[in-house]
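Report on the structure given below.
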Amino acid sequence: MKKLSFIAVFFLTLLAAEEIVAQYAYPAAAVRGTSRRTARRVDRRQDVLDPTPVVVAPAAPVAAAAATTAVVVSTLPAGCVPRTVSGVNYNYCNGVYYQPQYQGTQVVYVVVQVQ
Amino acid sequence: MKIKRLIGVLFFVLIAIMGCESDKKAETGSTTDRGAETAKTDNADINEEAAEIMRNMSDYLTGLQQFSYKIAGMHEIIDTANNKLEETYKGEIYVKRPNKLRTNFTSENKEGSIYYDGSQFTMMGKKVNMYAQTKAPPTLDQALDSAKYKLYLDPPGADILYTDLYEGLMEETISGKLVGEETINGTPTQHLSFEGKEVDWQIWIEKGNKPLPRKYMITTKTVAEKPVFSVEFSDWKTDQSPAFDKQLFVFTPPKDAQKIEFLTPEKLRKATNPTK
């Protein structure tokens, strides 16, 4: 029984994680772009360059919480103020710290835990 | 009873996952099976004339130790409502083999530069006045791969920047032919067309003793809407002297610019999966 429910939770969280990534991996409204290359060899080499880690299912409550909060956004919510903590600049918005990062040529804002 | 219900739930979840996976494949051409994609093009039906034009371009470009050109083009994006949106961009590319690259680009809402100096990548955005830097591999070929897969940086038409680009372009190509002659921005070219597994592509190559690409177009077949990417190359500078100024590839941060990090796929996964 325990095993079965664990397996069910595992698949559910896998599914949840995929959905979150699918939703926020492309912060612009765009969801599907165009190939800019024909060279599929590069895609195959990706295995060497960037081994995809085995997805470990987080505890179910975490996945559920994450599903309700965007963790990477292309624009900041209203009411943000700049804050510097330990020399790093953040945008502090209603109790949440957002860190600007470059996803390619696009600046996106990643929710981070700041102590 | 409970076990039966659980098995039912599990079965449903599995079906849901499988459904999502196949949807995704249909839409984006998931590359999860890429290990199995070891097709070689030995049997590809490439017209010999087309192959020779391609080889000439490949040899010519690979032989250039330094060159620069301008790019202008567009690519289509399918938004969440399945509308086709067009994004246009312009830029300049400077290459010094074996390991230097500089691009300046502008698009609708962005303006910036990417630097690769042989050991480091820099992305500098002018409008946001922010830059990010990270370590880079020692050769241009490796750097282009790394930029795409670790940093989401992919200069339009980067296919042509690789050494021995013939091999790279032909790897997944099934057939190809010479379509005819066409003039692109005043330059007489030969128009070639190729069919691949996931993309179809066309290239226009300058006639004469400088077989340079003048236009390049890719149609993505793995997306139902078949979005198109196209780029025109102009203002080619292929003289080997005088040598490019070294400073062209070296980034000096503006005084008031903010230094930020790159979001890597690994960081993105961690951000979306915080217990990892």
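Please count how many residues of segment A:57-85 are at pLDDT 90 or above and either more than 21 Å from residue B:128 (Cα to Cα) or of a type in the set (D, E, K, R) (or both).
1
Could you go through segment B:111-133 and let me know if any residue there is under 18 Å from the mean Cα position of the chain (by Cα), more than 8 Å from chain A (Cβ to nearest Cβ) and of a type in the set (A, V, I, L, M).
No, there is no match, as no residue in segment B:111-133 is under 18 Å from the mean Cα position of the chain (by Cα), more than 8 Å from chain A (Cβ to nearest Cβ) and of a type in the set (A, V, I, L, M).
Taking the options B:57, B:130, name whichever one is farther than 19 Å from residue B:250 by Cβ and open to solvent by less than 50 Å² (accessible area, probe 1.4 Å).
When all the criteria are applied, what remains is B:57.
For residues that are in contact with a Phe, Trp or Tyr (Cβ under 7 Å, 6 or more places away or on another chain) and within 24 Å of residue B:238 (Cα to Cα), tally how many sit in segment B:71-89.
Counting residues in segment B:71-89 that are in contact with a Phe, Trp or Tyr (Cβ under 7 Å, 6 or more places away or on another chain) and within 24 Å of residue B:238 (Cα to Cα) gives 3.
Give the residues of segment B:60-109 that are among the acidic types (Asp, Glu) and surrounded by fewer than 19 Cβ atoms within 10 Å (Cβ to Cβ), sorted by residue number.
B:79, B:86, B:87, B:92, B:108
Matching residues to (1) among the small types (Gly, Ala, Ser); (2) farther than 27 Å from residue B:83 by Cβ; (3) within 17 Å of the chain's Cα centre (by Cα):
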| residue | (1), (2), (3) |
| --- | --- |
| B:176 | yes, yes, no |
| B:179 | no, yes, no |
| B:182 | no, yes, no |
| B:188 | no, yes, no |
| B:201 | no, no, yes |
| B:204 | no, yes, no |
| B:207 | no, yes, no |
| B:211 | no, yes, no |
| B:214 | no, yes, yes |
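Among the listed residues B:163, B:139, B:189, which satisfies the condition of being over 19 Å from residue B:62 (Cβ atoms) and more than 9 Å from chain A (Cβ to nearest Cβ)?
B:189
Please indicate, with yes or no, whether at least one residue in segment B:225-241 is more than 25 Å from residue A:108 (Cβ to Cβ), of a type outside the set (Asp, Glu) and facing chain A (nearest Cβ under 8 Å).
So far as segment B:225-241 goes, yes, one or more of its residues are more than 25 Å from residue A:108 (Cβ to Cβ), of a type outside the set (Asp, Glu) and facing chain A (nearest Cβ under 8 Å).
Given the options B:181, B:195, B:172, name the one that is in contact with a strand residue (DSSP E or B) (Cβ under 9 Å, 6 or more places away or on another chain), among the acidic types (Asp, Glu), more than 13 Å from residue B:101 (Cα to Cα) and open to solvent by less than 50 Å² (accessible area, probe 1.4 Å).
B:172
Residue-wise test of (1) more than 19 Å from residue B:114 (Cα to Cα); (2) open to solvent by 70 Å² or more (accessible area, probe 1.4 Å); (3) assigned to a loop (DSSP other than H, G, I, E, B).
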site: B:219; (1), (2), (3): yes, no, no
site: B:223; (1), (2), (3): yes, no, yes
site: B:229; (1), (2), (3): yes, no, no
site: B:232; (1), (2), (3): yes, no, no
site: B:239; (1), (2), (3): yes, yes, yes
site: B:242; (1), (2), (3): yes, yes, yes
site: B:251; (1), (2), (3): no, no, yes
site: B:255; (1), (2), (3): no, yes, yes
site: B:261; (1), (2), (3): no, yes, no
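What strands (runs of 3 or more DSSP E), lying completely within segment A:72-115, carry at least 3 residues that are in contact (Cβ under 8 Å) with a residue 40 or more places away in the chain?
A:106-112
Go over the candidates B:116, B:89, B:94 one by one and state the one that is touching a Pro at 6+ places or on another chain (Cβ under 7 Å), of a type outside the set (Asp, Glu) and on the phi < 0 side of the Ramachandran plot.
Within the list B:116, B:89, B:94, the selection yields B:89.
The values are calculated or read from the model by the stated rules, or taken from the named source; none is laboratory data. Predicted model, so just to flag it, every value in this text is computed and none were measured. Neighbour counts run over all protein chains shown; Cβ positions are idealised from the backbone, glycine included. Note: accessible area is taken over every heavy atom of the protein model, side chains too, but ligands, DNA and RNA are not part of it. Shrake-Rupley method; radii C 1.70, N 1.55, O 1.52, S 1.80 Å.
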